[in-house]
Amino acid sequence: MKELSSSRKSYERGELHESELDADPIVAFTRWLDEASAAPEHLAEPNAMALASVAADGRPSLRVVLLRGLDQRGLRFFTSYDSRKGRELIARPFAAATFWWPALERQVRVEGDVRRIDDDESDLYFASRPRGHRLAAWASEQSEPVESRAVLDERMAHFEERFAGEEIERPHSWGGFLLVPRSIEFWQGRENRMHDRLLYRREREGWVRVRLQP
Ligand SMILES: Cc1cc2nc3c(=O)[nH]c(=O)nc-3n(C[C@H](O)[C@H](O)[C@H](O)COP(=O)(O)O)c2cc1C
């Protein structure tokens, strides 16, 4: 493995000027996502984000999930409501999400409030998933311990049989969350670690933008 303390990359791909970033951060964020999706290096999973939740004792936990929708209401992602993150987000409805697009030397950070999306919307998204993914939502009690891989595979086989030739309905324990941003920060790597950072905060009068020191 490369020396962690000495590997260094200079960030020189772009600059971030106030005039370039839309006054509406959702519009700006959508553009950055589009650019990450179209990056010549073809970023794997540009919609993957690290998502932090908080446990009852105040300790944070973090994992990667896929962003499945972005609009003026917020960011949508799907998971098991009974998973560790699901339980934490329901009990403490706050989250933070971070995207890192190395090919573009860009980071986006989102913080805000979380709520479950409507069942209808979860049904719609669930129905669009490949059959195997829908079966897995039944077979896996996400975040719970399991004796062995074999037990998991047996559970999958059990639900394959149970739903053979039938539509697979969405388990009530599975669905979407909406992360409603209170703040969104855009970060563009620059030379000498003098990076550009533009932070949007939602105020009563609308989005307010400030530049932060790197
Ligand atoms: C690239 C990537 C995408 C993932 N997407 C999701 C997702 O959209 N939903 C999900 O529940 N888990 C997803 N996972 C798995 C989570 O990182 C995590 O292992 C799982 O949700 C259990 O987390 P928890 O125990 O904190 O609830 C993804 C993992 C990776 C590496």
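The values are calculated or read from the model by the stated rules, or taken from the named source; none is laboratory data. Predicted, not measured: the structure shown is a model, and the values here were computed from it. Positions of Cβ are generated from backbone atoms using ideal geometry, with glycine treated the same way; all protein chains shown enter the neighbour counts. For accessibility, only protein heavy atoms count, side chains too; no ligands or nucleic acids. Shrake-Rupley method; radii C 1.70, N 1.55, O 1.52, S 1.80 Å.
Any chance you could count how many residues in the range 53-77 are near the ligand (Cβ under 8 Å from one of its atoms) and in contact with an Asp or Glu (Cβ under 8 Å, 6 or more places away or on another chain)?
Residues flagged as near the ligand (Cβ under 8 Å from one of its atoms) and in contact with an Asp or Glu (Cβ under 8 Å, 6 or more places away or on another chain) within the range 53-77 amount to 3.
Output the residue which, of all residues in the range 22-52 that are small (Gly, Ala, Ser) and not in a loop (DSSP other than H, G, I, E, B), is nearest to LYS85 (Cα to Cα).
As a first pass, look at the range 22-52 and keep what is small (Gly, Ala, Ser): 23, 28, 36-39, 44, 48, 50, 52.
Applying the additional criterion that residues be not in a loop (DSSP other than H, G, I, E, B) yields 28, 36-37, 48, 50, 52.
Numbers: ALA28: 28, ALA36: 26, SER37: 27, ALA48: 16, ALA50: 12, ALA52: 8 Å.
Per the stated criteria, the residue is ALA52.
Do we find that GLU15 is at pLDDT below 95 and touching a strand residue (DSSP E or B) at 6+ places or on another chain (Cβ under 7 Å) in this structure? Break it down into steps so the answer makes sense when it comes.
On the way: at pLDDT below 95: yes; touching a strand residue (DSSP E or B) at 6+ places or on another chain (Cβ under 7 Å): yes.
Against the criterion (at pLDDT below 95 and touching a strand residue (DSSP E or B) at 6+ places or on another chain (Cβ under 7 Å)), GLU15 qualifies.
Filter the range 78-119 for residues that are out of contact with any strand residue (DSSP E or B) (no Cβ under 7 Å at 6 or more places or on another chain) and within 14 Å of the ligand (Cβ to nearest atom) and give the result.
ASP82, SER83, ARG87, ILE90, ALA91, TRP101
Of all residues in the range 40-50, which are near the ligand (Cβ under 8 Å from one of its atoms) and within 17 Å of GLY112 (Cα to Cα)?
Selection gives nothing.
With the condition kept exactly as written, say whether any residue in the range 106-114 is in contact (Cβ under 8 Å) with a residue 12 or more places away in the chain, open to solvent by less than 50 Å² (accessible area, probe 1.4 Å) and in a helix (DSSP H, G or I).
no
May I ask you to list pairs of residues, at least six apart or on different chains, whose Cβ atoms are under 7 Å apart, with the first in the range 53-69 being among the β-branched types (Val, Ile, Thr) and in a strand (DSSP E or B) and the second being at pLDDT 95 or above and away from the ligand (no atom under 12 Å from the Cβ)?
Every condition considered, the pairs that remain are VAL54/ARG92; VAL54/PHE94.
Go through the range 18-70 and give me each residue that's basic (Lys, Arg) and farther than 22 Å from ARG201 by Cα. Even if it seems obvious, please write down each step before you answer.
Of all residues in the range 18-70, those basic (Lys, Arg) come to 31, 59, 63, 68.
Hits for the range 18-70 are ARG59, ARG63, ARG68.
Does the range 93-104 hold any residues that are modelled with pLDDT under 95 and part of a loop (DSSP other than H, G, I, E, B), and which are they?
none
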